[in-house]
Amino acid sequence: MAELIKTKRIQSVDALRGFALSGVVLVHMVEQYIAGPTPEGFMEGVNGLPDQIVHGLLQLFVTGKFFALFSILFGLSFAIQMQSAERKNIRFEGRFLWRAVLLFVIGYIHQLFYRGDILTIYAVLAPFIIPFYRIPTKWLLVVAGFIFLGIPRFFSYMIFGGETVTGIHSVMENDNELIRAYFDTIQHGSLVDVFRVNATYGMLTKIDFQLSFFGRFYYTFGYFLIGLWLGRIGLFHQISAFAKKIKNILLWSIAGMLISVVLTFAVFASMPQPIDNSSWQFVLGMNFMDWINLAMTIIIFCSFLLLFQREAWEKRLLFFAPYGRMALTNYVGQSILGTYIFFGWGLGYLGQIRYSILFLMAILIIIVQTLLSKYWLNVFFYGPLEWLWRCGTYMKWQPLLRQKESSDRQIKGIVQEHIDD
């Protein structure tokens, strides 16, 4: 069995997905699953200099970058699924749309716990990527470049100006009644109270953040297109053959990041104080900041691939493979655990634990979830949510428990379907 599923290609994707998810939990734990601005005085007197350093390093190297990796891998998975269907002379578009509907349901349940859920956003964006599968490969990067230049963001600014899309202003303002009311709910409310506020106010603030000049909706789709492009050129089939190009892209990305840092600093330093977040200069500065995130994401991505080609590092990075194979289960699971630790319906430690301790707690969660994933996948074919998602996709019960007495032919068929997913 192990020999059948251990292809280097699929392991590199799984390991990268697990690595990306590890960065997500680091950010979410340190931000304490707030997913938004905090009231004045939050964490006052709790953190020291080491904690601020940890927070700063996370902002620089992790925040926004690992979700971008996650988004790239969503586009890559779409390409793999479509290519697999083509080899079998099957049209997969309809089933992919149905998978997106199911993903939205899973994401909405997740949203009730944590308003920063990304699964619902992926599900809403999923139909838009289907037409791009048929266009020439080079145009994928052209459209992605159009997005990363910030054109959709500036259109949003022209339409909405400094106002919000939904009329909820807490995304734009750091101290208002709505923020304090939300905090009061997650700090002292019951689980039902948290569900209610995340289903309404929490969802509106997320929509606002996605569609306003923050532009996360558009940028996420841009990363989808990069992932689709990677699938089209077959990068993960032959990483070593692309090694030289990967190194060149890495060097150009480092240069691009340095230039973007200078541009970002120049824009924000030239703005009158206090900074007006409804001005076009602020939007321009935000765009340069996203160039930093884009460049850093590419740096991390290229570095991972180059290290994966080295035998010693491949063994280390494969630690994340089980974590990545159960990414959906682990992503939702860590949010439920995290909100239980911080919110009032659970242990209620919101705002009481310093950043450095939260960072160590996140590392512990990554290790425990990875080890549990490895154990689970030795017994079962899929993670719990992955299995339910697959059953819903094909509208029939899928094999879950590994049966030792199964024939090699049966196992190979199941494993090939697993790889294609």
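The values are calculated or read from the model by the stated rules, or taken from the named source; none is laboratory data. Since we're looking at a predicted model, the values are computed, not measured. Backbone-built Cβ (ideal geometry, glycine too); neighbour counts: all protein chains shown. Remember, those area values only see protein heavy atoms, side chains included, never the ligands or the DNA or RNA. Shrake-Rupley method; radii C 1.70, N 1.55, O 1.52, S 1.80 Å.
Table for the structure above
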{"read-out": "Residues with amide H under 5 Å from that of Phe380, placed H, sequence gap 5 or more", "value": "Arg402"}
{"read-out": "Chain lengthening between Leu49 and Tyr108 when straightened (0.36 nm per residue, less Cα-Cα)", "value": "17.5 nm"}
{"read-out": "Inter-probe distance in nm under a simple model that places probes 7 Å from Cα toward Cβ, at Trp313 and Ala241", "value": "2.2 nm"}
{"read-out": "Accessible-area ranking of Ser373, Ser240, Ser77, Ser190, largest first, probe 1.4 Å", "value": "Ser240, Ser190, Ser77, Ser373"}
{"read-out": "Cα long-axis angle, helix 280-308 against the chain (0 to 90 degrees, to the nearest 10)", "value": "30 degrees"}
{"read-out": "Estimated FRET transfer efficiency (Asn89, Cys391; beta-carbon r; R0 35 Å; 0.05)", "value": "0.90"}
{"read-out": "Projected label distance in nm at Val192 and Ile275, using a 7 Å step from Cα toward the beta-carbon", "value": "4.2 nm"}
{"read-out": "Cα gyration tensor, region 197-284 - rounded (a/c under 1.5), prolate or oblate", "value": "oblate"}
{"read-out": "Relative packing of peptides 92-99, 218-225 - highest average C-beta neighbours within 10 Å first", "value": "218-225, 92-99"}
{"read-out": "Value of [θ]222 nm, deg cm²/dmol, for the chain, DSSP H segments ≥ 4, -39500 (n - 2.57) each, nearest 500", "value": "-23500 deg cm²/dmol"}
{"read-out": "Sequence ranges 301-309, 141-149, ranked by mean other-Cβ count within 10 angstrom, highest first", "value": "301-309, 141-149"}
{"read-out": "The chain: angle of helix 151-160 to the longest principal axis, Cα-based, in degrees nearest 10", "value": "40 degrees"}
{"read-out": "Candidates per trypsin sites (Lys or Arg not before Pro) in region 310-368, loop by DSSP, up to 15 other Cβ within 10 Å", "value": "Arg310"}
{"read-out": "Cα gyration tensor, region 324-380 - rounded (a/c under 1.5), prolate or oblate", "value": "prolate"}
{"read-out": "Carbon plus sulfur fraction of accessible area for region 309-393, probe 1.4 Å, in percent", "value": "68 percent"}
